[in-house]
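The next block holds one structure in the form of structure tokens; read it before the comments.
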Amino acid sequence: MTERTKIILKSGKDQSVKRYHPWIFSGAIKMIYGNPVEGDVVDLFDNEDNFLATGHYQPGSIAVRILSFEQVEPDIGFFYKRISTALDYRRSLGLIDNPGLNIFRLVHAEGDDLPGLIIDYYNGVAVMQTHSIGMYRMRKEISEILTQLLGDRLTAVYDKSEGTIPYMSGIKGVNEFLYGNSGPVTGLEYGYKFIVDWTFGQKTGFFIDQRENRKLLEEYTNRKRVLNMFGYTGAFSVYAMKNAELVHTVDSSAQAIELANENIKLNFGDDKRHQSFNADAFEFLNDIKGKYDLIILDPPAFAKHNNVLANALQGYKRLNMKAIEQIKPGGIIFTFSCSQVVTKENFRKSVFAAAANTGRKVKILHQMSQPPDHPVNIYHPESEYLKGLVLYVE
Ligand code: SAH
């Protein structure tokens, strides 16, 4: 094993590591022996010099992302094992070689013991995002591993880390193919077709994490008048179109609206039941009293950091209040928050405050989360980021 930087934690600050939490904050560090640069592999020790863990070093608030609680060499063989475990797990979920579904998350960072690494699979194309320099440095090896593990299920690997690697790092990532090449693909989710263009928009191009919630929505849309706010690719709208009386998709991005229209067309042709609106959600909601039976609210993360949490909670409250006020009696609202810093309790409180302000009777029918290909590491509660409620408004 090569000589590595040794990091000693302050006494008492090793508790979270002993409970397998995969992050070390800079304030927990007592001493660093050596001059690690970002992305280096480091070993962690407690104040009595007992080995704790091996991880990737990163100057910043999260100083170390733990890869293993045993002293290991995180080389290509190490990552091969971890990614192959992640793949086997998806196979056990029935996501591999599924004739009706070829869009899924293959690696979900801490949820798959691979902090800082996201890999989504779109009908042959793996789209990868690294959130740490340690993982960014391994990107070519990771791509090589994917070609070995996926064989002819893989046509290309695209690295979309430009916007996700830490901005302080000084390293400028470039979005590029690491293997093969491909234009946008058409993938399948529960038999519905979706065009996925990873070069556009947020995340890796598609919100895979809402799959099971879209499926649930499908059950509620029979003969309903549906409003899909923050529609993006129109994925919720596509599911709603199966049986709804009408579906309206709203997004403030013209490009998103175009994509939503294409996805509707791909599944339902020129179906007049669907209409889209390039508009601001908050404004659109002002003037729809009694027009809709079902409203979906799936906004972008209102809070990316703890210091803007209060504003974000206000934002959720304001948005939900408008929808609860405006929906038809007996209406249903699917409401979500994907901000990691907003807890389930906080989100529920915001929706509660919104409901109370309108004075309408509101029941919670379902509490939603993320699907099993976005697993939550039990030692890292932060990996549970998607929260949703299905509300019934009398
Ligand atoms: N529901 C989507 C994901 C939503 S992503 C899905 O299932 O795939 C958030 C979307 O909200 C983006 O497309 C963004 O363009 C849009 N958006 C952001 N702010 C908005 C606003 N104020 N009004 C309307 N749309 C907005």
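The values are calculated or read from the model by the stated rules, or taken from the named source; none is laboratory data. Since the model is a prediction, treat every value here as computed from it, not as a measurement. We place every Cβ from the backbone using ideal geometry, glycine too, and count neighbours over all the protein chains shown.
Among the residues in segment 47-56, are any in contact with a helix residue (DSSP H, G or I) (Cβ under 7 Å, 6 or more places away or on another chain), more than 30 Å from ILE195 (Cα to Cα) and among the small types (Gly, Ala, Ser)? Checked against the condition, which is being in contact with a helix residue (DSSP H, G or I) (Cβ under 7 Å, 6 or more places away or on another chain), more than 30 Å from ILE195 (Cα to Cα) and among the small types (Gly, Ala, Ser), segment 47-56 yields at least one hit. Taking segment 140-225 and the strands (runs of 3 or more DSSP E) fully enclosed by it, the elements with 1 or more residues that are in contact with a helix residue (DSSP H, G or I) (Cβ under 9 Å, 6 or more places away or on another chain) and within 13 Å of the ligand (Cβ to nearest atom) are at 185-189, 192-196.
Candidates in segment 337-363 are the residues that are over 30 Å from HIS108 (Cβ atoms) and among the polar types (S, T, N, Q); of these, the one that is surrounded by the fewest Cβ atoms within 10 Å (Cβ to Cβ) is ASN357.
Selection of segment 226-252 for residues being near the ligand (Cβ under 8 Å from one of its atoms) and within 20 Å of the chain's Cα centre (by Cα) yields ASN228, MET229, PHE230, GLY231, TYR232, THR233, GLY234, ALA235, PHE236, ASP251.
Among the numbered conditions (1) without any contact (Cβ under 8 Å) to a residue 24 or more places away in the chain; (2) assigned to a strand (DSSP E or B); (3) among the small types (Gly, Ala, Ser), the only one that GLY94 does not meet is (2). Within segment 253-276, none of the residues are closer than 18 Å to TYR192 by Cα, in a strand (DSSP E or B) and within 14 Å of the ligand (Cβ to nearest atom).
Results for (1) within 16 Å of the ligand (Cβ to nearest atom); (2) of a type outside the set (Val, Ile, Thr), shown as yes or no for each residue.
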position	(1), (2)
PHE302	yes, yes
TYR316	yes, yes
THR335	yes, no
HIS374	yes, yes
ASN377	no, yes
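One residue stands out among those in segment 5-26 that are outside any strand (DSSP E or B) and touching a residue at least 40 places away in the same chain (Cβ under 8 Å): the one that is nearest to GLU38 (Cα to Cα), which is PRO22. With respect to the stated conditions, VAL37 fails to be among the aliphatic types (A, V, I, L, M), surrounded by 19 or more Cβ atoms within 10 Å (Cβ to Cβ) and either more than 20 Å from VAL376 (Cβ to Cβ) or at pLDDT 95 or above (or both). Going by the conditions given, is ASP280 more than 10 Å from the ligand (Cβ to nearest atom), farther than 17 Å from ILE208 by Cα and either in contact with a strand residue (DSSP E or B) (Cβ under 7 Å, 6 or more places away or on another chain) or not small (Gly, Ala, Ser) (or both)? Taking the combined requirement at face value, the residue does not satisfy it.
Table: residues versus (1) touching a Ser or Thr at 6+ places or on another chain (Cβ under 6 Å); (2) more than 27 Å from ASN222 (Cα to Cα); (3) not basic (Lys, Arg).
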| site | (1), (2), (3) |
| --- | --- |
| PRO299 | no, no, yes |
| LEU309 | no, yes, yes |
| GLN326 | no, no, yes |
| GLU345 | no, yes, yes |
| ASP373 | no, yes, yes |
| HIS380 | no, yes, yes |
| LYS387 | yes, no, no |
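Within segment 283-294, if we keep just the residues that are of a type outside the set (Lys, Arg) and exposed (fewer than 14 other Cβ atoms within 10 Å of the Cβ), the residue that is nearest to the ligand (Cβ to nearest atom) turns out to be GLU283. Inside segment 65-91, can you point out the residues that are more than 25 Å from LYS203 (Cβ to Cβ), hydrophobic (A, V, I, L, M, F, W, C) and in contact (Cβ under 8 Å) with a residue 24 or more places away in the chain? Hits for segment 65-91 are PHE69, ILE76.
HIS248 falls short on exactly one of the conditions (1) in a strand (DSSP E or B); (2) within 29 Å of THR130 (Cβ to Cβ), and that condition is (2).
Confirm whether LEU297 is surrounded by 22 or more Cβ atoms within 10 Å (Cβ to Cβ), more than 20 Å from VAL390 (Cβ to Cβ) and within 15 Å of the ligand (Cβ to nearest atom). It is false that LEU297 is surrounded by 22 or more Cβ atoms within 10 Å (Cβ to Cβ), more than 20 Å from VAL390 (Cβ to Cβ) and within 15 Å of the ligand (Cβ to nearest atom). Residues in segment 277-302 that are under 17 Å from PHE236 (Cα atoms), within 18 Å of the chain's Cα centre (by Cα) and assigned to a loop (DSSP other than H, G, I, E, B): ASP298, PRO299, PRO300.
Is there any pair with a first residue in segment 272-300 that is more than 14 Å from ILE333 (Cβ to Cβ) and a second that is within 12 Å of the ligand (Cβ to nearest atom) and assigned to a helix (DSSP H, G or I) whose Cβ atoms are under 6 Å apart and which are 6 or more apart or on different chains, and what are they? Partner pairs satisfying both residue conditions: SER276/ILE257; SER276/ALA260; ASN278/ALA254; ASN278/ILE257. Could you identify the single residue in GLY170, GLY187, GLY163 that is under 23 Å from LEU259 (Cα atoms), surrounded by fewer than 17 Cβ atoms within 10 Å (Cβ to Cβ) and among the small types (Gly, Ala, Ser)? One residue alone meets the criteria, GLY163.
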